[in-house]
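Undergrad: Take a look at this one; I'll ask things after.
The values are calculated or read from the model by the stated rules, or taken from the named source; none is laboratory data. Since we're looking at a predicted model, the values are computed, not measured. A quick note on method: Cβ atoms are made from the backbone with ideal geometry, for glycine too, and the neighbour counts reach across all protein chains shown. Areas reflect the complete protein model, heavy atoms only, side chains present, ligands, DNA and RNA absent. Shrake-Rupley method; radii C 1.70, N 1.55, O 1.52, S 1.80 Å.
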Amino acid sequence: MGLDIRCCSGEHTIADFVYSISILIVCQSLESMFPSIYSPKDIEREISEFWDSHQIYRKVKERGKEKFFFVDGPPYTTGRIHLGTAWNKVIKDTILRYKRMCGFKVADTPGWDMHGLPIEVKVEQELGFKTKRDIESYGIDRFVAKCMEYALKNKDMMTEQFKALGVWMDWENPYMTIKAEYIDSAWWCIKRAYEQGLLERKLRVVNWCPRCETALADAEVEYKDKTDPSIYVKFPIKGQEDTFIVIWTTTPWTLPANMAVAVHPSLEYAKFKALRDGKIEYLILAKELADDVLRKGGYELWEIVETYLGEDLVGLEYEHPLADEVPIQKNWRHAVYIADFVTAENTGCVHIAPGHGLEDYELGVQVGLEVFNPVDDRGVYTEKAGKYAGMHVFEANKVIIEDLRQKGLLLAEETITHRYGHCWRCKTPIIYRATEQWFLAVSKLKDKMLEEIDKVRWVPEWAGASRFKDWVSNAKDWCISRQRYWGIPIPVWICEKCGKWKVVGSIKEVPWENDLDLHRPKIDEVTFECECGGTMRRVKDVFDVWFDSGVASWGTLKFPFKMSEEEFRKIWPADFITEGHDQTRGWFYSQLGASVIAFGQAPYKTVLMHGFTLDEQGRKMSKSLGNVVEPEEVVEKIGVDGFRLYVLSSALWEDLRFSWEDARNVLRMLNIYWNAVRFAYTYMSLDKYRELPLDEVELSVEDRWILSRLESFNKLAVEAMENYHLHKVVRAFFDFVVEDFSRWYIQLIRPKVWEEKDSPAKLATYTVILRIVEKTAKIIAPFAPFLAEWIYQHFIKEFKHAEESIFFESYPKPDESLIDEELERAMDIVREIFEAASNARQKAKRKLRWPLRKMIVESKDEDVKKAVEMLEEIIKSQCNVKEVEVVREFEKDVAVKPNYKALGPKLKGRIKDFAKFVDSLGKDEIAEILTKGEIEFDGMKFSVDEALIVEYKIPEGYEYAEFSRGMVYVYTVLDEELKREAFAREVVRRIQEMRKELDLNVEEFIESVVDIDPKLVEGWEDYIKHETRSVKLEFGKPREGYIKEWDIEGMKVAIGIKRLES
RNA sequence: GGGCCCGUGGCUCAGCCUGGUUAGAGCGUGCGCCUGAUAAGCGCAAGGUCCGGGGUUCAAAUCCCCGCGGGCCCA
């Protein structure tokens, strides 16, 4: 745009010339001061160097006052960071930068989760190991050293990746779960558990990974589809010929350990007489399920012989189906018991193996069954399993099925695909095994934990109130022991002689020399002497790695090793943590559990739960799908700031579907911001502007408007930040910058920047722009730190006194006195009117370059009237019309016709007279009828709707378009005067184009020859000369210089321009 | 089977908590405009059963219930 402007007639003055020269000089240095193209890479490099060389991070850290205790959820040190990890840290960094700008002294210690099975598995793979025996023969000490090396190497690599994302954390001093002081924090917590009787060692059925040969916590079990046998087995009833109770199982390998059958007390069971292959059998199972099962079993006929409730079956004894193969089974009595967990599914009779099932175990304890577990750590049957000894359980399935078939006890065999637990790291299907393990008795703390959840602020609210509570209510005791090597050693020593425990609560109680040698196997050498004279040896287990991170909220503070309780209490609990929704059962939980044990309260005050990163189709990113997007790839294309803004632009708690298109769009918007700031920079630096107080300049209406918008944006940003709604800030930022600042304000003020140097209007504009740039940069600084800092260094510092870094500044507070809602509304209306006018012009094929005589806004809304009055000049210039008028009702030609269809049947023959009457009505009469809504004819009254068809016709020469509160009518007829102006502009436009094609500098003068009738642009010659920097303008055939033939509105026009040698 | 979240134009999402004229953006598409931010920028248009069905209400994308589809977590 930039329409009706600078048509100041007159010759080029000396001042003009000087101005041109200075533009030239500015243009040359401009590119180095403020490049024309936004290049994230260059900016990031420059700013990184600046931050490093000026030690900005350290200085910012020192400035904080009031504490803000943030705890970093420690990423696990395997491999490189992925999109999700990057997103996570960017969220954290943005919040921390914001809090620092709010004056807080922020705890920004990053954490590293460095122990555990995942690393062991990776190292095993590197070394080509398959079993624990490989590790033991290699040497635990060497294996642990490898794990440490692996973890440290990855930590360093990931640190560099995080730094590259502009994440300001204390990378020199992270907390690491492998460090002595951290292990101290964990041991201290276990001691606290022990003192409260919450540390238990018990025989329990646990999730067991036969490959890793260790117990797994519920949180370490991953459910996915697995195909298993699904078999129906007949257990022979003792003392009753050909009578069986029928059970169903998907784990035939647990049958050698069967100890009982469970039925539901109130479910109906029946004994069926069934015929198969000419043989009669009696089968007991749930009545309602029998038909289905018997059909599967291939029975030809069956009938009910007897029915009973489950409770009636109690005590019914049966023979173990594999008693011959597993002789030890002959020592025990097998019978039917009742259990509430039995459901009316399959046969209604549940095979119970207390050594291999959670509920089985509980039932076993209750009724006094043997907990028989003939399976070793590797998932291989022991000698106790008789015939099956030495066989892996999963391989045993088919052997057992075959044995049952041979014995005639297999009723039916199918396969089933169901969700089955797998080891979270090595993906091996887990088994359930009864083993001795160490537990934290979380079940005793559940109520307290639920109570604490309520005291925490959850963002979004349902993260805690619904999702987390659900998990915690279902939580069982936490199995914290692992039969592995790379982990925090469990600090329990047991006397070999009397069995007494010693729980060590501090690393000071054991001898150690450097902070890393508390690991196995060294710690295993430490012994204590028991009161009884016996030797106390450490249990061999290490902690579940989730327990490591569970103590992070004090581990990060090095409490209690290096911090006093008094000091600790001033800081703890954490003000803020944030992680992905997978951490509901992970870190949110492990921390809550550990903390309730240690302190009886939640370790965090606010928890922000964020989503997962998915690919463009909404699938999880995974290597096997080949859809992984690396953060570096994105950064390469759109820069760190672009990346950060992109991942922060949608609601954090929802999954982020990565989209290249959207990511690139962020870059495009940043580019608009860049260009807008650069535009301002060009003229402000040319004019050597220095900051003026806002109240010393004469603000125009558009200045007041943009200031109001700016403060409204500021207000929204602060509110959103306080609610952790980061995406709202990003959206509002782009909205303000693109819509209000670039697309509208800059267009409006463009003419002003050409005014003479000390023009008050221009100074006001500069003052406003400086404020806009400063505030927007500060508001977005936590999100896009590089760009914000760059603008601060290159723009803000140029025009006002500033700090060393933008991060020394405080986050801007809105000045609500500058918010003028009425003006904002008025401008909204004006922008709508402008859009409608553009629309109408397009319909009438009147391009914006062509001035139009007048425009009428029709609306009954007082606000519209006020808006147009208030902002008339803006409408006129933007819409390129000479005159604008608001009316309540635009005078349209109204034509009315009789509604024959409706009135015909009523008036019958007199309808013709009515038609005549209607025809005879004058303009005023029609108007009156329409206002009244009634028409009187021959003593009868009809409503207008019924009697008339009303047609409106807008007057000749007008084109219209709708907006939300009315209509805009544009008078599109061009009179001679307008045509001359329009034509002049067409000519100017062509000459400018030619200047560009010749690559002329903006200040260079030319001579122009235009082959048109001079009358076409009469009165506009000087305008053309001025606009095109033509010293001479002639009409006629061009003969020299650059000549080009144009088509202007269907007319062939030759134009020639010649560069003037200076 | 249970818990939570999501389901709005071709695509990505606002709006829903606190019900109220015509459901908004951006991208993409088509047409055009602008030209001293210019290897940029801008406008207009087409395009929607707001997942489906019930209910509450004068009024439902919005609140309630029942389904369907997707995701995560659990059993």
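Undergrad: Compute the relative contact order of the stretch A:715-816 as a whole-number percentage, counting only Cα pairs closer than 8 Å that sit 6 or more residues apart in sequence.
TA: 24 percent
Undergrad: Within the stretch A:234-307, how many Lys pairs that are eight or more residues apart, or on different chains, come under 19 Å at the alpha-carbon?
TA: 14
Undergrad: Residue farthest toward the positive end of the dipole of the stretch A:337-417, with Cβ of Lys/Arg at +1 and Asp/Glu at -1: which of A:A344, A:Q366, A:A385?
TA: Of the options given, the answer is A:A385.
Undergrad: Right, here's the next one. Let me spell out the model: positive unit charges on the Cβ of Lys and Arg, negative unit charges on the Cβ of Asp and Glu, origin at the Cα centre of the stretch A:227-431. What dipole size does that give, in debye rounded to 20?
TA: Using only the charged Cβ atoms, the result is roughly 520 debye.
Undergrad: Follow-up. Please sort by residue number the GluC sites (Glu not before Pro) in the stretch A:242-345 whose DSSP state is loop and whose Cβ has at most 12 other Cβ atoms within 10 Å.
TA: Those satisfying the criteria are A:E300, A:E345.
Undergrad: So for the stretch A:227-431, taking the charge dipole from beta-carbon charges (+1 Lys/Arg, -1 Asp/Glu), which of A:A274, A:I237, A:F394 sits furthest toward the positive end?
TA: Going by the Cα projections, it comes out as A:F394.
Undergrad: Let me check against my output: what whole-number percent is the relative contact order of chain A, with C-alpha pairs under 8 Å and at least 6 apart?
TA: Numbers: 1880 pairs, mean separation 129.4, N = 1062.
Dividing the mean separation by the residue count of chain A yields 12 percent.
Undergrad: If the limit is 24 Å between Cα atoms, which of A:K130/A:K540; A:K122/A:K224; A:K146/A:K226; A:K762/A:K847; A:K163/A:K637; A:K996/A:K1032 go over it?
TA: Exceeds cut-off: A:K146/A:K226; A:K762/A:K847.
Undergrad: Pop out the ³J(HN,Hα) list for the stretch A:868-876 in order, Karplus 6.51 cos²θ - 1.76 cosθ + 1.60 with θ = phi - 60°, rounded to Hz; leave Gly and Pro as x.
TA: So the J values, rounded to whole Hz, are 5, 5, 5, 10, 4, 4, 5, 4, 4.
Undergrad: Considering the options A:M609, A:A732, A:W208, tell which one lies farthest towards the positive end of the dipole of chain A, charges being +1 on Lys and Arg and -1 on Asp and Glu at the Cβ, about the Cα centre.
TA: A:W208
Undergrad: Right, something else. What accessible area, in Å² to the nearest ten, does a 1.4 Å probe give for A:Y604?
TA: Approximately 10 Å² of A:Y604 is accessible to the 1.4 Å probe.
Undergrad: How big is the charge dipole of chain A about its Cα centre, in debye rounded to the nearest 20, if each Lys and Arg gets +1 on its Cβ and each Asp and Glu gets -1 on its Cβ?
TA: 1380 debye
Undergrad: Take the solvent-accessible surface of the protein heavy atoms, probe 1.4 Å, and return the percent of it on chain A that carbon and sulfur atoms account for.
TA: The value for chain A is 48 percent carbon and sulfur by accessible area.
Undergrad: How far is helix A:821-844 tilted off the main Cα axis of chain A, in degrees rounded to 10, range 0 to 90?
TA: 70 degrees
Undergrad: Post the alpha-carbon centroid distance, the stretch A:342-374 to the stretch A:438-472, in whole angstrom.
TA: Centre-to-centre (Cα) distance: 30 Å.
Undergrad: Would you list, by chain and number, the aspartates and glutamates whose Cα falls below 16 Å from the Cα of A:K1058, excluding same-chain residues fewer than 8 positions away?
TA: A:E993, A:E997, A:D999, A:E1003, A:E1004, A:E1007, A:D1011, A:E1027, A:E1034, A:E1040, A:E1045
Undergrad: Roughly what angle does helix A:40-53 make with the longest principal axis of chain A, taking Cα atoms, 0 to 90 degrees, to the nearest 10?
TA: It works out to around 70 degrees.
Undergrad: Then there is this: For A:S817, A:S553, give me the order by solvent-accessible area with a 1.4 Å probe, most accessible first, ignoring ligands, DNA and RNA.
TA: Heavy-atom accessible area, descending, gives A:S817, A:S553.
Undergrad: I've got another one for you. How much net charge surrounds A:P74 when only other residues with a Cβ under 11 Å from its Cβ are counted (Lys, Arg +1; Asp, Glu -1)?
TA: -3
Undergrad: For helix A:701-722, what angle does its Cα long axis make with the longest principal axis of chain A, in degrees from 0 to 90 and rounded to 10?
TA: Compared with the principal axis, the helix lies near 0 degrees.
Undergrad: In whole angstrom, how far apart do the alpha carbon centroids of the stretch A:697-733 and the stretch A:109-161 sit?
TA: 50 Å
Undergrad: Using a 1.4 angstrom probe and counting only protein chains, how large is the accessible area of A:M1051 in Å², to 10?
TA: Near enough 70 Å² of accessible area.
Undergrad: Are there trypsin sites (Lys or Arg not before Pro) in the stretch A:96-160 that DSSP marks as loop and that have at most 16 other Cβ atoms within 10 Å, and which are they? Please list the in-between numbers first.
TA: Values: sites: A:R97, A:K99, A:R100, A:K105, A:K122, A:K130, A:K132, A:R133, A:R142, A:K146, A:K153, A:K155; in loops: A:K130.
Hits after loop and neighbour filter: A:K130.
Undergrad: Starting from the amide H of A:V881, placed 1.01 Å from N in the peptide plane, find each other amide H under 5 Å away whose residue is 5 or more places distant or on another chain.
TA: A:L852
Undergrad: First obtain the Kirkwood hydrodynamic radius of chain A from its Cα pairs, then insert it into the Stokes-Einstein equation at 25 °C and 0.890 mPa s, and state the resulting D in µm² per second as a whole number.
TA: For these conditions, the coefficient is 67 µm²/s.
Undergrad: Provide the per residue accessible area, probe 1.4 Å, for chain A, rounded to a whole number of square angstrom.
TA: So chain A comes to 43 Å² accessible per residue, rounded to a whole number.
Undergrad: Counting other Cβ atoms within 10 Å, keep those with at most 14, restrict to DSSP loop, and tell me which trypsin sites (Lys or Arg not before Pro) in the stretch A:645-711 are left.
TA: Working: sites: A:R657, A:R664, A:R668, A:R678, A:K688, A:R690, A:R704, A:R709; in loops: A:K688, A:R690.
Qualifying residues, ordered by number: A:K688, A:R690.
Undergrad: What would the Debye formula give as log10 I(q)/I(0) at q = 0.09, 0.19 Å⁻¹ for the alpha-carbon point model of the stretch A:637-766, no solvent?
TA: Log-scaled intensity ratios, in q order: -0.33, -1.09.
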